[in-house]
Amino acid sequence: MTRRWAGFGAAGTLAMYLLVKVVWVVGALGTGRSPMEGMGTSEWIALNTVTVGMAAVGIGLGLALACDWGLRLPAAPVLLFAWLAGGLLVATAPFSLLGSLLGGGGSGSDDGGEASWEGLLIMVGFVGMGVGVAIALPIYLRERWPNALTGRVGALKAARAPHAVMAATALIAAIDLYWAAGGGVGTNPHSRYGLDAGARSLLIGDALWALAGAAAAWVLAGRGRRLPLWLPVAAAFVASGSLVGWGLWRMPLAVLRPGDFEPYQLPLVSVALNAVSVAAGAALAVHLARAVRTRTGQVRAAVK
């Protein structure tokens, strides 16, 4: 029942986000104008059309997590979309909400300049989807793949710790925290967007998840054998999805710079850091899959 209500809640709240994006696209098509200063109409439509597609996929994921037919879907697409949703929404929703409460205006987002009702619907949709997925997804995964989330880390086969992944995620965390603290090296003097409370909260959130990913990578190599298995599995799942999802989202913005957008970081620095983020996240996901596979393989062997 909890999975059902959380999944429907995620889909329903994200529908509010989808409504705003559809209104923006239809409005731009009808008027031939972009409501965002410095961004052309075609760029505005293209950017928001992409987010319309992402929201539609997110709503479908929420319904799949809520309904029993979702348990019968092919594993690969469910895991892929859940992985990215966990990284893009679950990882950042608490810090985005915290930044808004502290007075951050969400600078640097793709939505700039929205009216109050639009901003409210976007925030409710974003946070509601994140909270809903955070509740429904673990229940769904436990029901479908119980061996990957039950027991203790000691059930995993000891393996070599992925030091390169741990070093990369620690580097990302250090850089994010340096910028959040006001450090200026690598920042873009042409950027129109400073670091308000919202942007600092997101940088701190990115750093914490990167560190969580490094810790999970170490534990999944067979360390901390008394820990419940679901802790490092969940941390690695969300952290790797966050590293890959946000890295893939930010790199095109830094390269294409739609309208008069300038990233807070120097473009080359932003591209390089997000490329490292994507590579580290993908490697962490592979490490997680290998660790879980040894666990499920041992269970199948025991059953035989």
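The values are calculated or read from the model by the stated rules, or taken from the named source; none is laboratory data. Model, not experiment: these values are computed from the prediction. Positions of Cβ are generated from backbone atoms using ideal geometry, with glycine treated the same way; all protein chains shown enter the neighbour counts.
A few notes on this one:
- Test: R290 is part of a loop (DSSP other than H, G, I, E, B) and either farther than 24 Å from A93 by Cα or of a type in the set (A, V, I, L, M) (or both): no
- Within region 177-200, restricting attention to residues that are touching a Gly at 6+ places or on another chain (Cβ under 9 Å) and without any contact (Cβ under 8 Å) to a residue 60 or more places away in the chain, the residue that is surrounded by the most Cβ atoms within 10 Å (Cβ to Cβ) is L177.
- Only residues that are within 30 Å of A289 (Cα to Cα) and assigned to a helix (DSSP H, G or I) were counted in region 162-200, giving 15.
- The residue pairs whose first member lies in region 208-230 and is within 13 Å of K157 (Cα to Cα), whose second member is basic (K, R), and whose beta carbons are closer than 8 Å, counting only pairs six or more residues apart or on different chains, are A221/R160; G222/K157; R225/R152; L229/R152; L229/R295.
- Among the residues of region 242-264, just one is part of a helix (DSSP H, G or I) and basic (K, R), namely R250.
- S96 vs. criteria in a helix (DSSP H, G or I), surrounded by fewer than 16 Cβ atoms within 10 Å (Cβ to Cβ), on the phi < 0 side of the Ramachandran plot and modelled with pLDDT under 90: no
- Selection from region 140-161 of residues that are of a type in the set (G, A, S), part of a loop (DSSP other than H, G, I, E, B) and loosely packed, with under 15 Cβ neighbours inside 10 Å: A158, A159
- Lone unmet requirement of (1) surrounded by 21 or more Cβ atoms within 10 Å (Cβ to Cβ); (2) free of Cβ contacts under 8 Å to residues at least 60 places away in the same chain for L137: (2)
- Residues of region 219-266 classified as of a type in the set (F, W, Y) and over 12 Å from the mean Cα position of the chain (by Cα), total: 3
- Residue match in region 35-50 (condition: surrounded by 15 or more Cβ atoms within 10 Å (Cβ to Cβ), within 30 Å of M1 (Cα to Cα) and more than 18 Å from the chain's Cα centre (by Cα)): no
- From A215, A207, A239, residue being assigned by TED's automatic domain parsing to the domain that holds G281, part of a helix (DSSP H, G or I) and closer than 16 Å to L88 by Cβ: A239
- Boolean, S191 is out of contact with any Lys or Arg (no Cβ under 9 Å at 6 or more places or on another chain) and of a type in the set (S, T, N, Q): yes
- In the set P258, P263, only one residue is surrounded by fewer than 21 Cβ atoms within 10 Å (Cβ to Cβ) and more than 30 Å from V292 (Cα to Cα); that residue is P258.
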